[in-house]
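Working notes for the structure below.
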Amino acid sequence: MEDDAPVIYGLEFQARALTPQTAETDAIRFLVGTQSLKYDNQIHIIDFDDENNIINKNVLLHQAGEIWHISASPADRGVLATCYNRTCCPVLDSFVALGKSAAQLLTALATSSDSKVLTCAAVWRMPKELESGSHESPDDSSSTAQTLELLCHLDNTAHSNMACVVWEPMGDGKKIISLADNHILLWDLQESSSQAVLASSASLEGKGQLKFTSGRWSPHHNCTQVATANDTTLRGWDTRSMSQIYCIENAHGQLVRDLDFNPNKQYYLASCGDDCKVKFWDTRNVTEPVKTLEEHSHWVWNVRYNHSHDQLVLTGSSDSRVILSNMVSISSEPFGHLVDDDDISDQEDHRSEEKSKEPLQDNVIATYEEHEDSVYAVDWSSADPWLFASLSYDGRLVINRVPRALKYHILL
């Protein structure tokens, strides 16, 4: 098999939640959450053996409900958080207590006017034996689904819809933020993550039903800043005071779906949305974007910077395509090598003389069309900077690599 050939895995369930395992590890691992109304929902642990192009999967039952968002602890390989749907129905609860049959329960649910769907959030631990990555070939005939251990709920009694959960990126896995309706909630996880204590919170204020859609925790500024999206607006928050520090109104012409921080440039932020655009911002001057991409033909659901080489940007869209772009002109290496504005060494001066004085040109590196349904999630491996995964709603997970020619060009 060619080195750049994709590896495709089918979950047999609809899915839209994807995350890499972020705690320190050499294993290439992704976690995928399913959405099924008929069967118990699952988290698929996908371990990828890069040398042999082999996927090894393990399945964990997530009986709490359909998974809309999943995120992994940056400090503990066995801990993760999910946002999931749960149907709340007093009639149904009473039928369960009385031990009624499944048919009677379904009838009660269908005829009840009191039922409503809540999006909840919880922190879980996977079985100890599954915490480390495995490179063994899968044996579907003997594999059985195991169950997640519930560590704690992110109590949402006052809020009905959790949009996402994000971990403090450089921390010890004890701080976590959830976005619920129009509230941003900062939690402290205590007692080995078995208890979540609300440390502070803030709310969106304004006309209409304001509601967060996405958020990311900045790895810069000592991890004291979080960016959020609601409707067409991007906002920055200081987690120490839970006060707003910047606001980009009308950042997109339609709903903002996702955002991500540049890992190497502390003021740079990317966003995407239903206007089919990807925009790059300098949060010190938010009057207009630094750069705009218009390569997709439908809603853009996801944007992700490469963790090491910030010129590499991934996007996934409802047009069923994944696009890898080379945004070198606004990266930390605009001349093909690292530039530090404050301290340019003689060696760097010498190298810059040898290289072209003009910044390299931005371009689309590759368009990946292995999906046949909307691509709801893309992300980079945390163990291998040249490898990424994408997930479409039909449950197709595709693992791809940065083209070798570009990889060597960046490295050399």
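The values are calculated or read from the model by the stated rules, or taken from the named source; none is laboratory data. Only a predicted model underlies this, so the values are computations on that prediction, with no experimental measurement involved. Neighbour counts are summed over all protein chains in view; Cβ atoms, including those assigned to glycine, are modelled from backbone coordinates with ideal geometry. Note: accessible area is taken over every heavy atom of the protein model, side chains too, but ligands, DNA and RNA are not part of it. Shrake-Rupley method; radii C 1.70, N 1.55, O 1.52, S 1.80 Å.
Things worth noting here:
- Identity of the residue in the stretch 245-296, touching a Leu at 6+ places or on another chain (Cβ under 9 Å) and of a type in the set (S, T, N, Q), that ends up nearest to S200 (Cα to Cα): T283
- Enumeration of residues in the stretch 45-67 that are free of Cβ contacts under 8 Å to residues at least 60 places away in the same chain and outside any loop (DSSP other than H, G, I, E, B): I67
- Number of residues in the stretch 30-58 that are surrounded by fewer than 17 Cβ atoms within 10 Å (Cβ to Cβ) and among the aliphatic types (A, V, I, L, M): the value is 2.
- Contacts under 8 angstrom Cβ, first residue in the stretch 379-408 being in a helix (DSSP H, G or I), partner surrounded by 21 or more Cβ atoms within 10 Å (Cβ to Cβ) and among the polar types (S, T, N, Q), 6 or more apart: L406/N326
- For the residues D26, D76, the requirement of being touching a residue at least 12 places away in the same chain (Cβ under 8 Å), part of a loop (DSSP other than H, G, I, E, B) and over 24 Å from L150 (Cβ atoms) singles out D26.
- R396 being at pLDDT 95 or above and surrounded by fewer than 21 Cβ atoms within 10 Å (Cβ to Cβ): yes
- Filter result for the condition that a residue is modelled with pLDDT under 95 and farther than 27 Å from R401 by Cβ, over S352, S332: S352
- Residue in the stretch 218-233 that is closer than 18 Å to A81 by Cα, open to solvent by 40 Å² or more (accessible area, probe 1.4 Å) and not in a loop (DSSP other than H, G, I, E, B) present: no
- Leading residue by the ranking (modelled with the lowest pLDDT) among those in the stretch 191-213 that are in contact with a Cys (Cβ under 9 Å, 6 or more places away or on another chain) and open to solvent by less than 80 Å² (accessible area, probe 1.4 Å): S193
- Scanning the stretch 1-21 for residues that are open to solvent by 60 Å² or more (accessible area, probe 1.4 Å) and not in a loop (DSSP other than H, G, I, E, B) turns up I8, Q14.
- Selection status of E24, closer than 23 Å to E370 by Cα, surrounded by fewer than 21 Cβ atoms within 10 Å (Cβ to Cβ) and not basic (K, R): no
- Enumeration of residues in the stretch 265-288 that are within 26 Å of S308 (Cβ to Cβ), of a type outside the set (G, A, S) and either under 18 Å from the mean Cα position of the chain (by Cα) or not in a loop (DSSP other than H, G, I, E, B) (or both): Y268, L269, C272, V278, K279, F280, W281, D282
- Residue within the stretch 155-167 that is open to solvent by 60 Å² or more (accessible area, probe 1.4 Å), part of a strand (DSSP E or B) and at pLDDT 95 or above present: no
- For the stretch 172-187, a residue qualifies if it is among the charged types (D, E, K, R) and either in contact with a helix residue (DSSP H, G or I) (Cβ under 9 Å, 6 or more places away or on another chain) or surrounded by 14 or more Cβ atoms within 10 Å (Cβ to Cβ) (or both), and the qualifying residues are K174, K175, D181.
- Qualifying residue in the stretch 247-256 (condition: open to solvent by 50 Å² or more (accessible area, probe 1.4 Å) and touching an Asp or Glu at 6+ places or on another chain (Cβ under 8 Å)): yes
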